[in-house]
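The structure appears below as structure tokens.
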Amino acid sequence: MQTFCIYLRNANRLIAVIQPTYDKQQALGVKTRPSHCWIDSKTLVVGFWDAVVVCTITVSSISEGVSSVEVKQVEVLYSWKVDMYIADVSFTLGDEICAWKEITVFGMKKSAFHDVAQNECEMVLALLEPEDSNTFSLTTEDRIEMITCDFGNLTAFHLSSLLCEDIYFLLGCQEFIEAQPCSADDRVRWYLENGLLREAMQFANEHEAELQHLDPIDVGKRFLCSLIKQKQFAEAAANLKVVCGRQKDLWEYYVSEFEQNNVVLQLAKYLPVKDPQLEPECYQCVLTAALHNHPVLFYNLIKVWNPDLFRVGAITELALKWVVQGNGAPLSEQDSVAIYRALARLYLYERKYDKAILLHIMLNDKDVFKVIQQYQLFHLVKDDLTKLMNIDANLTVQLLIENAESLPTKTILAQLVKYPKVQIAVLNSLFERNEGEEFVDLAIRLYADHERDLLLPFLRKTHVYDIAKALDICEKKQYVNEMVYLLGRSGNRKKALDLLVNKLNRIDCAIDFCRENDDSDLWDKLIEAAMKRPDHISQLLNTVGHYVNPLTIIEKIPEEINIPGLRNSIVKILHDYELLVQMQYDCLQVLEADNSQLFAKYLSRHKRAVFISSDQHCAICRTFVLQRDKPADSGPVNYDIIVYGCGHLIHARCMYIPHLDERPIMESGACPVCLGLHKGEKS
């Protein structure tokens, strides 16, 4: 087996062996040899059978005692399998960062090996650009017909190059061929000469910077011209953006071309709306064609395009004329609706809001609510709420809630008389803002007729309604729970209790009702009503022991009646009574302890000494309570002093001086100043 070896001559040492990786069966009859080309002083490319290997020589240091020795090794950078048998290899120059860009391979295609005629073979010159260590990109592949003396003997073919001139020399048995890489202009010309206009346009656009003599726009125009001649208008329209780019004049030229061929609708989704923005006539010709041939597209364009692109008035007039006169053939419902919707949007652009709203309502179009909200047009529909209800009740309610201040509630409710549930929704929103007391009675009637679940909570929460009217409504509907509540509020508790016991048969609710009102007459009424049924008696005995004396119930029980669970009920009553007595006793003990503690605190506060200064006066006689200057020959002149808790001071002798009818009050021990008997100053 042939191998490729790298030998280090200076060191007289073999540093690498590259083994071939070809399939022996496929390679039978092929005679070749390894070829290589040095890219720089350290990098080389090797071509062997169907493998291309790019490797580099690296230098590493190995320590040997005190000194170190440099060792050269070979590192494989790229290893590729190609679809040819390789005769020779070279490379193309790269940039400043990398010395090479592509690997040039000269050889014979595997697929053509057994198909060529005798003494002729098809050689290939290919450029391979690396992607990663195992894959590459085939940049170009040119096939060259050459004569061979010994078919399958690739050793007779050679490749050499002048890299700085980008010239390659191919040597065969009888040929010497000079090859140069094609320029971008050459490639485009070749495409054009062979009728590959699409490829020419794509290549020209991708390599625009490399073109020196050709203009990508001219190439694109040739491609579009060819498509238009072949009546391939859809494809031509799809490629307009690539050719025209931002050139306004070029766009307008092709709009005219398509219009002359009556296929201007093909441009609808490709026309630019900015950068560049075309003349209004360009957009109008598309809209006109859409109106006459595709009304749904007409509506979509009106909706999507900015009204600044075309003359709104002209298109509106055209659409109106179309609606009035028609085109001779009847329109489908879908097309008619599309035209009317487009006309409504055109009216919005012209700020003719009333006409736009009228069209939306006529079409039963839910977009009318968006229009009303966006342009604040509630004032235009406040008298057409019924029509809006027919379109969408929920959106109408939401609209009314958002614009509640724009229209009196009374007017709204009057217009919605046929929609009671909507009236309820309007009233609910009103009540949530603590407004609408004048509509409470109406709300009760509506709740009773259509939303009974809301009636009782509303009655409990609101207290400004007419109880008699509400009770009358509930009696007609036989709403017992609501009647019980209303009777309780009106003071007719006994009738309410009778409804609970006899109508609803809810002794538990009756007990709760009596507990809430805490009326002894009501309890007596309940006990009398319960005596008719043993189960009611049993429930009373088990429940009301904390509120009614159980003996009262027991004494009223008829002797002949059989009460289920009477023994257990009596035991429970006794137990509850015992707990009640114990609780009362404990409460009394706590109360007495609190009283004793508070009284002791009171006494301790009043046992404290009180400071009396010499400048304080008697509250009755207005003299000093203490003698300031005492004569030497006089006897004791200080008198006993009474000090009240309020702070007033009085001579004890002044208490017994008669002052009209004040004596009974003074004898009570109360402060005469605080009682208002004297006008002395309060300290």
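Just so you know, all these numbers are worked out from the coordinates, no wet-lab data involved. In this text the structure is predicted, and so the values were computed from the model without any measurement. Cβ atoms come from the backbone with ideal geometry, glycine included; neighbour counts cover every protein chain shown.
Observations on the model:
- 13 Å beta-carbon shell around Met84, net charge (K/R +1, D/E -1): -2
- The residues His463, His36, His360, when put in order of fewest to most other Cβ atoms within 10 Å, stand as His463, His36, His360.
- For Lys418, the aspartates and glutamates whose Cα falls under 16 Å of its own Cα, not counting residues fewer than eight places away in the same chain, are Asp383, Asp384, Asp392, Asp449, Glu451.
- Set Lys410/Lys477; Lys31/Lys109; Lys366/Lys410; Lys248/Lys303; Lys532/Lys572 screened for pairs whose C-alpha atoms are more than 18 Å apart: Lys410/Lys477; Lys366/Lys410; Lys248/Lys303; Lys532/Lys572
- Förster radius 30 Å - calculated FRET efficiency between Asn492 and Asp535, Cβ distance, rounded to 0.05: 0.70
- Cα→Cβ-extended label distance, 7 Å offset, between Ile467 and Asp392, nm: 4.6
- Ordering Ser490, Leu526, Asn568 by the projection of their Cα atoms onto the charge dipole of region 474-580, which places +1 on the Cβ of Lys and Arg and -1 on the Cβ of Asp and Glu, puts Ser490 at the extreme positive end.
- Positive-pole candidate from Leu154, Ser79, Gln398, dipole of the chain, charges at beta carbon: Gln398
- Sparse-neighbourhood loop sites, trypsin sites (Lys or Arg not before Pro) in region 406-439 - DSSP loop, at most 12 other Cβ within 10 angstrom: Lys418, Arg433
- Longest site-free stretch - the chain; sites: GluC sites (Glu not before Pro), DSSP loop, at most 11 other Cβ within 10 Å: 132-558
- Helices in the chain, meaning DSSP H runs of at least 4 residues, each add -39500 (n - 2.57). Divided by all residues, the mean residue ellipticity at 222 nm is -13500 deg cm²/dmol.
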